[in-house]
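**Q** Mind having a look at this structure? Questions to follow.
The values are calculated or read from the model by the stated rules, or taken from the named source; none is laboratory data. What you are looking at is a predicted structure, and each value in this text was computed from that prediction instead of being measured. As a convention, Cβ positions derive from the backbone with ideal geometry for all residues, glycine included, and neighbour counts pool all protein chains shown. What goes into the accessible areas is simple: the full protein's heavy atoms, side chains included, and nothing from ligands, DNA or RNA. Shrake-Rupley method; radii C 1.70, N 1.55, O 1.52, S 1.80 Å.
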Amino acid sequence: MEFSIIVPNYNGEAFIKKTIESLINGFKGMKIVVVDDASTDKSVDEINSVRSNRVTLIQKSKNGGFASAVNKGIRYCKEKGVKLVIVANSDIKVSPKDCHNIVESFHNFNQKNLGVIGYQEFDDNNFKDNEDIPGFLFALRLSIINKVGYFDEIFFMYGEEQDFFRRVISCGFHIKQTGIRIKHDSEM
């Protein structure tokens with residue numbers, strides 16, 4: 001199944017390069033769209049150091065927050081005809097095995113009304129389907145945007161994913177929590 005990976009970034013100089021490299025190595029052949037949200041550190045230099053034909057950098061001139069950066073990536077992917085995206089924080093740690101497990105979980109998208117697939121932070125033992133899931137990493141069927149709408153940009157940081165996931169469920173789509181555990185921190 002073809003998909004793209006959207007990575008919103010703001011001042012991720014310390015970890016963005018390693019995150020992109022792990023995504024490139026783990027998801028063979030997939031396109032990565034990094035949306036830099038007007039970083040004031042050297043994030044863009046780090047991103048440019050690993051850019052290739054698989055990594056697209058979109059630079060925003062003004063920091064609009066997580067929702068704005070994700071929306072920019074979603075719009076770009078929709079324009080390119082992408083049907084499925086992974087939204088990944090810029091400080092995740094994924095191994096090739098993690099990436100394989102994530103791709104294997106996409107068989108869940110065979111369920112007609114499934115809109116989002118979620119993954120767990122490594123140390124989180126609680127997960128349930130059709131409830132708020134962590135927003136640090138999730139897969140999204142882009143066709144649901146037509147009914148659910150984009151992320152609400154009134155949320156600058158925190159709460160935007162939960163708002164979006166509640167709208168996903170209220171519009172009649174399902175969220176599947178896989179239980180796949182991924183490391184997520186900025187101590188890379």
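**Q** Which FRET efficiency value, to the nearest 0.05, do you get for Ile154 and Ser61 by plugging their Cβ-Cβ distance into 1/(1 + (r/R0)^6) with R0 = 22 Å?
**A** That pair, Ile154 with Ser61, gives E of 0.65.
**Q** Related question: How far, in degrees from 0 to 90, does helix 16-26 lean away from the longest principal axis of the Cα atoms of the chain, to the nearest 10?
**A** Once rounded, one gets 60 degrees.
**Q** Further question: Nearest 10 degrees is fine. How inclined is helix 66-79 to the longest principal axis of the chain, computing both from alpha carbons?
**A** 80
**Q** Checking the table Lys18/Lys60; Lys42/Lys62; Lys31/Lys78; Lys42/Lys97 against a 19 Å threshold on Cα-Cα, which pairs fail?
**A** Over 19 Å Cα-Cα: Lys18/Lys60; Lys42/Lys97.
**Q** With the cut-off at 1.5 for a/c, could you classify the stretch 74-120 from its C-alpha gyration tensor as rounded, prolate or oblate?
**A** Oblate.
**Q** Over the chain, average the accessible area per residue using a 1.4 Å probe and give it in Å², no decimals.
**A** Result: 48 Å² of accessible area for each residue.
**Q** What part of the accessible area of the chain, given as a whole %, is carbon or sulfur when the probe is 1.4 angstrom? Provide the component values of the computation, followed by the final result.
**A** Values: 4280 of 9090 Å².
That share works out to 47 percent.
**Q** What do you get for the angle between helix 160-170 and the principal long axis of the chain? Use alpha-carbon atoms, 0 to 90 degrees, nearest ten.
**A** The two axes meet at around 20 degrees.
**Q** log₁₀ I(q)/I(0) of the stretch 1-105 at q = 0.12 Å⁻¹, via Debye over equal Cα point scatterers, no solvent, to two decimals?
**A** Once normalised to I(0) and log-transformed, intensities are -0.35.
**Q** Over the chain, with a single point scatterer placed on each C-alpha, what log10 of the ratio I(q)/I(0) does the Debye formula yield at q = 0.09, 0.18 1/Å?
**A** -0.28, -1.27
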